[in-house]
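Chemist: Handing you a structure now.
The values are calculated or read from the model by the stated rules, or taken from the named source; none is laboratory data. Values in this document were obtained by computation on a predicted structure and should not be read as measured data. Every residue, glycine among them, receives a Cβ derived from its backbone with ideal geometry; neighbour counts consider all protein chains shown.
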Ligand SMILES: *[C@@H]1O[C@H](CO)[C@@H](O)[C@H](O)[C@H]1NC(C)=O
């Protein structure tokens with residue numbers, strides 16, 4: 001039994017945030033971002049295959065399309081730190097490193113656009129980026145215009161080398177300059193993260209009305225411990241952060257690391273399932289040139305992506321955490337009246353070897369629709385059957401893994 005003290009009313013109350021309405025990111029952004037896998041590797045002499053240079057991004061773009069990622073929704077290809085020259089040009093404009101990006105960023109942008117992809121940019125609201133390249137402070141308007149000129153579609157604005165107290169004014173100011181260019185650009189902010197780690201309480205209403213997505217917590221690293229710590233943060237702080245999320249404005253638990261070195265197959269399934277429940281941006285940071293078919297299947301699981309991209313845009317929550325077993329739920333389509341369909345993630349944090357059987361009674365999870373729910377396992381595609389709210393069924397969850405279910409309302413019109 002996993003009684004949770006869970007109150008249905010809390011989930012159906014209105015989202016009263018005055019959110020950013022630039023028409024973008026109505027569902028969580030999806031794409032590929034360089035940082036977690038490729039970092040600030042600028043040593044193209046000794047490591048030409050892995051260094052940050054234009055051909056790396058062009059190759060990833062090619063693979064996004066040829067390997068089927070674009071077809072299931074991954075459409076942003078984004079730079080991260082270390083794309084720049086160490087100085088601005090004579091006119092004060094940002095410029096890419098001339099050796100690693102010899103064609104310039106407009107050419108890279110055109111290359112991505114010709115493939116139907118979006119161009120993601122990285123900068124920092126400080127004097128310098130985290131890796132020490134020029135930040136935007138002092139050049140906000142010019143840099144916004146430069147991004148528009150280059151055909152940028154998505155801007156990640158980091159917060160190193162800045163005073164977090166200035167961010168309440170600075171991030172909105174840069175957002176206004178982006179807006180003033182007239183070019184739609186998804187705006188990804190690191191603003192709350194830098195304030196939280198400096199002991200400040202973020203102004204969530206202002207953040208949600210300025211940014212399309214924002215980071216709340218530490219950078220992801222290539223390990224299950226890192227993924228698990230992010231999941232804990234999202235569970236422990238859910239009452240504060242869930243109300244801020246919705247179409248156009250998302251909490252960002254950072255990149256998907258599936259396909260790298262740190263996660264097992266089971267842990268990779270767990271990250272994918274949890275990011276879907278969390279309505280998280282799905283930004284892969286991996287080497288698409290070397291993807292195991294199993295990991296590619298996880299990343300391209302269209303049923304799980306459909307949960308992530310559900311148009312209601314309601315971020316899921318942790319209902320229970322007991323004996324290393326967590327049950328998470330997210331309200332999704334289809335709905336009828338005030339009743340929702342749900343996706344459930346049963347997450348096993350246990351490491352004691354054998355799979356663990358978890359018994360589920362939907363009514364104890366707040367799922368009380370009299371017509372019942374049709375339940376499908378989203379990794380195996382097995383139809384588990386139709387269940388009334390008080391029926392009980394069992395799922396078997398592997399260690400450090402997940403079972404992810406879709407529970408559709410059974411309505412007379414279905
Ligand atoms: C600029 O902001 C206005 C008002 O929020 C919005 O309607 C418009 O779509 C925005 N334009 C761009 C290019 O972001």
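Chemist: Looking only at region 152-192, filter to residues that are part of a loop (DSSP other than H, G, I, E, B) and within 16 Å of the ligand (Cβ to nearest atom); which one of those is nearest to residue 30 (Cα to Cα)? Before you say what the answer is, go through the steps one by one.
Modeler: Step one: list which residues in region 152-192 are part of a loop (DSSP other than H, G, I, E, B), which gives 152-153, 159-163, 181-185, 190.
With within 16 Å of the ligand (Cβ to nearest atom) added as a condition, the list becomes 152-153, 181-185.
Details: 152: 16, 153: 13, 181: 24, 182: 23, 183: 19, 184: 16, 185: 14 Å.
Ranking the candidates gives 153 first.
Chemist: Output the number of the condition that residue 275 fails; it satisfies all remaining conditions of (1) farther than 16 Å from residue 25 by Cβ; (2) part of a helix (DSSP H, G or I).
Modeler: Unmet condition: (1).
Chemist: Okay, moving on. Only one residue in 37, 100 is modelled with pLDDT of 95 or more and touching a strand residue (DSSP E or B) at 6+ places or on another chain (Cβ under 9 Å), so which one is that? Give the derivation first.
Modeler: Details: 100 fails: touching a strand residue (DSSP E or B) at 6+ places or on another chain (Cβ under 9 Å).
Residue meeting the stated conditions: 37.
Chemist: Hey, any hits in region 50-57 for a residue that's crowded, with 18+ Cβ neighbours inside 10 Å, assigned by TED's automatic domain parsing to the domain that holds residue 203, under 20 Å from the mean Cα position of the chain (by Cα) and within 30 Å of residue 244 (Cβ to Cβ)? Talk me through it step by step, then tell me what you get.
Modeler: Filtering region 50-57 for residues crowded, with 18+ Cβ neighbours inside 10 Å gives 51-54, 56-57.
Filter again for assigned by TED's automatic domain parsing to the domain that holds residue 203, leaving 51-54, 56-57.
Still in the list and also under 20 Å from the mean Cα position of the chain (by Cα): 57.
Then keep just the ones that are within 30 Å of residue 244 (Cβ to Cβ); that gives none.
So far as region 50-57 goes, no, none of its residues is crowded, with 18+ Cβ neighbours inside 10 Å, assigned by TED's automatic domain parsing to the domain that holds residue 203, under 20 Å from the mean Cα position of the chain (by Cα) and within 30 Å of residue 244 (Cβ to Cβ).
Chemist: I need the full set of residues from region 193-210 which are buried (at least 21 other Cβ atoms within 10 Å of the Cβ) and within 12 Å of the ligand (Cβ to nearest atom), in order please. Show your work before the answer.
Modeler: Going residue by residue through region 193-210, those that are buried (at least 21 other Cβ atoms within 10 Å of the Cβ) are 193-194, 202, 207-208, 210.
210, the sole residue that qualifies.
Chemist: Could you list, in sequence order, the residues of region 142-158 that are over 13 Å from residue 110 (Cα atoms) and surrounded by fewer than 20 Cβ atoms within 10 Å (Cβ to Cβ)?
Modeler: Result: 142, 145.
Chemist: Consider only pairs whose beta carbons are under 9 Å apart and that are at least six residues apart or on different chains; among these, list those whose first residue lies in region 170-193 and is without any contact (Cβ under 8 Å) to a residue 24 or more places away in the chain and whose second residue is within 14 Å of the ligand (Cβ to nearest atom) and in a helix (DSSP H, G or I).
Modeler: 176/144
Chemist: Give 126, 92, 120, 135 a once-over and let me know the one that is touching a residue at least 40 places away in the same chain (Cβ under 8 Å) and over 30 Å from residue 306 (Cβ atoms). Spell out the reasoning first.
Modeler: On the way: 126 fails: touching a residue at least 40 places away in the same chain (Cβ under 8 Å); 120 fails: over 30 Å from residue 306 (Cβ atoms); 135 fails: touching a residue at least 40 places away in the same chain (Cβ under 8 Å).
So the residue among 126, 92, 120, 135 that is touching a residue at least 40 places away in the same chain (Cβ under 8 Å) and over 30 Å from residue 306 (Cβ atoms) is 92.
Chemist: Quick one: which residue in 110, 62, 43 is away from the ligand (no atom under 16 Å from the Cβ), surrounded by fewer than 18 Cβ atoms within 10 Å (Cβ to Cβ) and in a loop (DSSP other than H, G, I, E, B)? Walk me through it before giving the result.
Modeler: Working: 110 fails: in a loop (DSSP other than H, G, I, E, B); 62 fails: in a loop (DSSP other than H, G, I, E, B).
Of the residues listed, the single one that is away from the ligand (no atom under 16 Å from the Cβ), surrounded by fewer than 18 Cβ atoms within 10 Å (Cβ to Cβ) and in a loop (DSSP other than H, G, I, E, B) is 43.
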